[in-house]
Amino acid sequence: MIRLIPICSLLCLGLLLTLQPVCSQTKQLVYRESIEDFPNPERGFYIPFGTSTENFKPLDQAVLLKYRNEPQQTGKANYSFFCSLVYRAYRLERFKTAPITPEFLQNIQADFNTARSAGVKLILRFSYTDKTHSGDCPDEAKICPPYGDASKPVVLQHIAQLKPLWQKNSDVIAVLQMGFIGIWGENYYTDYFGDASMNHLGIVPDSSWQARNTVLSALLDALPRDRMVQVRTPQIKQRFVNGPQAPVTTPAMTARDAFRQSDKARIGFHNDCFLASADDYGTFYDYGNSSTKRGPANEVLRRYFEQESRFTAVGGETCDDAFSPQNDCAPAGRAEQEMAAMHYSYLNAGYNNNVNNDWQTGGCMAKIRRKLGYRFVLEQAILPSQVRAGQTLTCQINLKNVGYASPYNPRPVQLLLRHTTTGAVTVLASQADVRQWFSGPVNWQEDFRVPPGLKAGRYEVLVNLPDAHASLAHRPEYSIRLANETTWEAATGYNRLNHVVVVRP
């Protein structure tokens with residue numbers, strides 16, 4: 001049985017335990033927080049590695065291992081970081097009117113193998129072009145058609161081809177970005193899915209929203225149900241879940257709907273112009289439909305994003321330093337405040353470092369490096385000093401999540417008993433869901449049944465948060481490390497509670 005109880009109740013219970021005779025059977029432990037920066041799975045700054053059908057460059061295991069294991073700087077960055085995430089963008093320019101060739105599919109499989117060997121996970125995006133051309137067109141940015149993406153039948157064919165690869169290699173997929181539509185796969189400048197720029201209608205008509213929804217539905221179907229798809233703007237999700245006529249005031253998802261593997265629960269966001277302007281260059285904007293015009297919707301869509309992002313995968317990149325000082329550190333800027341409110345798990349370390357570098361010189365980069373995504377800190381635990389085989393072991397553990405978000409992919413929570421002499425490990429599986437360990441206090445109390453035949457003796461007590469896939473479950477680099485001193489075991493990926501319990505027959 002698992003119970004979540006308030007901190008005040010835990011403290012009262014701890015006091016009672018010290019006053020009653022049962023105190024000799026329990027021990028209260030207090031832990032020291034670490035401010036060390038270290039890698040943890042599926043969070044933090046990522047390294048972008050784009051490639052294409054014209055000039056395919058495979059992922060390099062040695063390079064990925066270097067980023068994973070040692071603090072690095074990249075490009076024009078003035079800061080160093082660990083990297084457990086790699087952004088892998090595939091540009092399919094040769095296949096705009098043809099199936100993906102078996103050879104290119106094999107190249108993608110090789111990349112998955114390399115990522116797995118290096119101990120990293122991938123953020124995936126597929127597109128058909130990253131080139132723009134100017135001309136005499138109405139668009140304010142002077143990006144003119146034709147844009148060079150692919151038609152809906154071709155996109156759907158490619159998704160069907162990629163589905164077996166995504167299913168087979170979901171263990172090293174952190175998240176898939178919607179991609180496919182428009183220049184850069186950002187779902188804006190598109191020849192086939194409703195050009196919202198002033199080059200065409202200036203809105204996305206209902207038929208184009210429906211076409212986009214068909215693509216997003218195919219992507220959700222192509223991934224295992226425990227993986228999310230990120231969309232470029234919050235309105236894309238609103239009009240997928242509630243249809244092309246959905247208003248920007250559409251209510252956000254609630255906790256009741258979160259993490260249930262429904263399509264609604266599996267759509268997150270990537271903001272590729274974080275704090276670039278008042279509305280992040282159109283991220284928080286209403287692109288209209290067949291019945292309504294385009295127009296500003298910054299405040300209402302930001303509120304929607306903030307509420308949805310508590311339960312979904314959120315990441316992206318900065319793209320322009322023009323919105324300074326708003327995109328700087330506090331007190332002049334609100335970079336950290338925005339990341340916390342919108343539950344960011346990752347950001348690009350390669351772009352735009354005019355913005356990112358300001359966080360280093362402004363003094364908040366160290367905190368951002370630590371807080372992107374989740375960061376769990378043990379505070380105290382009340383654990384039994386002895387227990388009988390076949391009976392109940394009650395663990396009461398207080399943590400805090402000092403990060404901006406909770407983990408977005410499921411993973412087991414385990415209490416481990418490790419024999420101090422033989423080293424044999426007994427796994428006690430928890431009912432806790434680490435995705436619901438949101439920012440702030442995490443109060444974990446649970447009753448575990450000790451196996452009836454467990455050998456009598458002294459056992460270390462540990463916490464293990466391994467990857468959910470059997471292929472990675474015993475890889476320490478894919479396990480979550482708690483941010484405490486003297487608890488992490490690098491060789492096993494376990495977190496020691498620094499306590500020994502005696503198991504009696």
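Couple of notes before you dig in:
- In the set (1) farther than 21 Å from residue 372 by Cβ; (2) crowded, with 21+ Cβ neighbours inside 10 Å, residue 275 fails one condition alone, (1).
- Here residue 140 qualifies as acidic (Asp, Glu), farther than 25 Å from residue 312 by Cα, surrounded by fewer than 18 Cβ atoms within 10 Å (Cβ to Cβ) and modelled with pLDDT under 95.
- Residues considered: 55, 78. Of these, the only one that is over 23 Å from the mean Cα position of the chain (by Cα), farther than 30 Å from residue 148 by Cβ and assigned to a loop (DSSP other than H, G, I, E, B) is 78.
- Residue list for the stretch 436-490, restricted to those being of a type in the set (Lys, Arg), in contact with a strand residue (DSSP E or B) (Cβ under 8 Å, 6 or more places away or on another chain) and assigned to a loop (DSSP other than H, G, I, E, B): 455, 481
- Among the conditions (1) at pLDDT below 95; (2) not in a loop (DSSP other than H, G, I, E, B), residue 200 misses just one, which is (2).
- Checking the stretch 328-351 against the condition returns no match, with no residue being of a type in the set (S, T, N, Q), in the same structural domain as residue 231 (by TED's automatic domain parsing), over 21 Å from the mean Cα position of the chain (by Cα) and surrounded by fewer than 18 Cβ atoms within 10 Å (Cβ to Cβ).
- Tally, over the stretch 97-120, of residues that are in contact with a helix residue (DSSP H, G or I) (Cβ under 9 Å, 6 or more places away or on another chain), in a helix (DSSP H, G or I) and within 14 Å of residue 161 (Cα to Cα): 4
- The strands (runs of 3 or more DSSP E) found entirely in the stretch 390-435 that carry 2 or more residues being free of Cβ contacts under 8 Å to residues at least 40 places away in the same chain are 425-429.
- Restricting the first member to the stretch 274-288 and to residues that are over 22 Å from residue 346 (Cβ atoms) and in the same structural domain as residue 341 (by TED's automatic domain parsing), and the second to residues that are polar (S, T, N, Q) and outside any loop (DSSP other than H, G, I, E, B), the beta-carbon pairs closer than 8 Å and six or more apart or on different chains are 278/298; 285/235; 285/298; 286/235; 287/235.
Condition check ((1) in contact (Cβ under 8 Å) with a residue 60 or more places away in the chain; (2) out of contact with any helix residue (DSSP H, G or I) (no Cβ under 7 Å at 6 or more places or on another chain); (3) closer than 13 Å to residue 288 by Cβ; (4) in the same structural domain as residue 293 (by TED's automatic domain parsing)) across all residues:
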{"position": "209", "(1), (2), (3), (4)": "yes, no, yes, yes"}
{"position": "215", "(1), (2), (3), (4)": "yes, no, no, yes"}
{"position": "227", "(1), (2), (3), (4)": "yes, no, no, yes"}
{"position": "244", "(1), (2), (3), (4)": "no, no, yes, yes"}
{"position": "248", "(1), (2), (3), (4)": "no, no, yes, yes"}
{"position": "252", "(1), (2), (3), (4)": "no, no, no, yes"}
{"position": "263", "(1), (2), (3), (4)": "no, no, no, yes"}
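The values are calculated or read from the model by the stated rules, or taken from the named source; none is laboratory data. Please read all numbers here as calculations on a predicted model, not as lab measurements. Because the Cβ atoms are built from the backbone with ideal geometry, glycine has one as well, and the counts that use them run over all protein chains shown.
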